[in-house]
Amino acid sequence: MISLFNNISQEFSKQVTIKYSTSFSLATKTLNSSIRNHIYNIYGFVRFADEIVDTFHEFPKKELLENFEKNLFMALKNKISLNPILNSFQITVNKFNIDYSLIESFLMSMKWDLNKKKYKSQKEYKEYIYGSADVVGLMCLKVFVNGDQLKYEELMPNAMALGSAFQKVNFLRDLKDDFENLNRSYFPNIDFTNFSEKSKKRIINEIKNDFSLALKGIKKLPKGSRLGVYTAYKYYSKLLYKLEKTPSIEIKSTRIRIPNYQKIKLLLYSYFQHQFKFI
């Protein structure tokens with residue numbers, strides 16, 4: 001009854017997505033049913049790794065992450081794991097032939113989060129963004145194009161831009177928690193003890209450039225994945241708009257959110273844009 005076990009594992013990843021992120025789960029629900037579970041599987045894996053380094057402060061995080069990585073590669077090799085998150089992820093990796101180097105880069109960024117607190121150069125910053133976000137976009141892209149290698153290679157820059165944009169928005173909205181609670185500073189050459197409007201504008205413009213490149217790729221996605229990705233794009237664009245309108249001093253003291261009713265409105269807006277071929 002391996003199919004039952006696999007279905008239960010994937011249902012677990014789905015529930016992780018729903019419980020941790022209403023916005024991402026809403027967007028994922030609009031994907032074609034043939035790929036939907038695979039995006040849940042990727043999210044579940046990424047979320048659990050992130051939880052280890054960001055949340056489990058009273059536990060041996062380094063050891064937990066090492067065991068998580070060891071068990072992951074055993075799962076990929078054996079095509080099974082008793083850990084439902086790793087089992088569902090290996091199903092997706094093996095089905096779509098996701099490059100192990102993407103996974104390795106992601107895990108390296110998670111390891112950096114255990115000890116590294118500041119990213120002082122553009123090189124370090126870009127390497128972290130690539131490992132923590134761009135590669136997640138590339139994993140998802142492999143699913144969105146249903147394993148079509150030529151389409152995947154064509155849209156790689158756009159998928160990486162979208163991953164970068166999402167991550168940078170998260171950095172900006174989580175500025176308070178990252179800086180005050182985790183003592184982390186991701187954006188190089190910016191003094192967060194005296195975070196200015198000029199600094200904020202620089203970050204906002206950088207994210208807008210990423211979104212511009214990303215949107216060009218979203219329009220080229222297959223129909224079965226286009227609406228879901230566009231919905232996530234609209235949600236994060238709305239977050240960016242709110243961050244742009246929020247004074248820099250307030251960003252340091254509060255976390256910007258999108259109310260659930262606005263998320264539903266964004267979903268409906270994206271649906272009609274998609275249905276009437278405006279995207």
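The values are calculated or read from the model by the stated rules, or taken from the named source; none is laboratory data. If you're wondering where the values come from, they're calculated on a predicted model, not measured in any experiment. Heads up, the Cβs are rebuilt from the backbone with ideal geometry, glycines too, and the neighbour counts pull from every protein chain shown.
Quick look at the values:
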{"item": "Number of positions in the stretch 55-112 that are under 28 Å from E124 (Cα atoms) and of a type in the set (A, V, I, L, M)", "result": "10"}
{"item": "Residue list for the stretch 157-188, filter: free of Cβ contacts under 8 Å to residues at least 40 places away in the same chain and either over 16 Å from K120 (Cβ atoms) or more than 14 Å from the chain's Cα centre (by Cα) (or both)", "result": "M160, G163, Q167, N170, D178, E180, N181"}
{"item": "Candidates S13, S9, S3 - the one that is over 19 Å from K142 (Cα atoms), more than 13 Å from the chain's Cα centre (by Cα) and crowded, with 21+ Cβ neighbours inside 10 Å", "result": "S9"}
{"item": "So D210, is it at pLDDT 90 or above and surrounded by 14 or more Cβ atoms within 10 Å (Cβ to Cβ)", "result": "yes"}
{"item": "Residue ID - surrounded by the most Cβ atoms within 10 Å (Cβ to Cβ), chosen from residues in the stretch 213-249 that are over 17 Å from L141 (Cβ atoms) and touching a Leu at 6+ places or on another chain (Cβ under 7 Å)", "result": "Y235"}
{"item": "Residue count for the stretch 67-94, restricted to those that are exposed (fewer than 14 other Cβ atoms within 10 Å of the Cβ) and not in a loop (DSSP other than H, G, I, E, B)", "result": "5"}
{"item": "Qualifying residue in the stretch 116-135 (condition: touching a strand residue (DSSP E or B) at 6+ places or on another chain (Cβ under 6 Å) and at negative phi)", "result": "yes"}
{"item": "Candidates I80, I52, filtered to the one that is over 19 Å from A133 (Cα atoms), in contact with a helix residue (DSSP H, G or I) (Cβ under 9 Å, 6 or more places away or on another chain) and hydrophobic (A, V, I, L, M, F, W, C)", "result": "I80"}
{"item": "When residues of the stretch 47-62 are limited to those that are without any contact (Cβ under 8 Å) to a residue 40 or more places away in the chain and part of a helix (DSSP H, G or I), the one surrounded by the fewest Cβ atoms within 10 Å (Cβ to Cβ)", "result": "E51"}
{"item": "Test: residue in the stretch 221-237 that is modelled with pLDDT of 90 or more and in a loop (DSSP other than H, G, I, E, B)", "result": "yes"}
{"item": "Hits in the stretch 30-46 - residues which are part of a helix (DSSP H, G or I) and surrounded by 18 or more Cβ atoms within 10 Å (Cβ to Cβ)", "result": "I35, R36, N37, H38, I39, Y40, N41, I42, Y43, G44, F45, V46"}
{"item": "Residue identified as modelled with pLDDT of 95 or more, of a type in the set (K, R), over 20 Å from the mean Cα position of the chain (by Cα) and farther than 19 Å from V16 by Cβ among K79, K142, K118", "result": "K79"}
{"item": "First in the stretch 84-95 and under 8 Å from G44 (Cβ atoms) and among the aromatic types (F, W, Y), second anywhere and outside any helix (DSSP H, G or I) and at pLDDT 95 or above, Cβ under 9 Å, 6 or more apart", "result": "F89/S81"}
{"item": "Leading residue by the ranking (farthest from F96 (Cα to Cα)) among those in the stretch 145-159 that are of a type in the set (D, E, K, R) and part of a helix (DSSP H, G or I)", "result": "E154"}
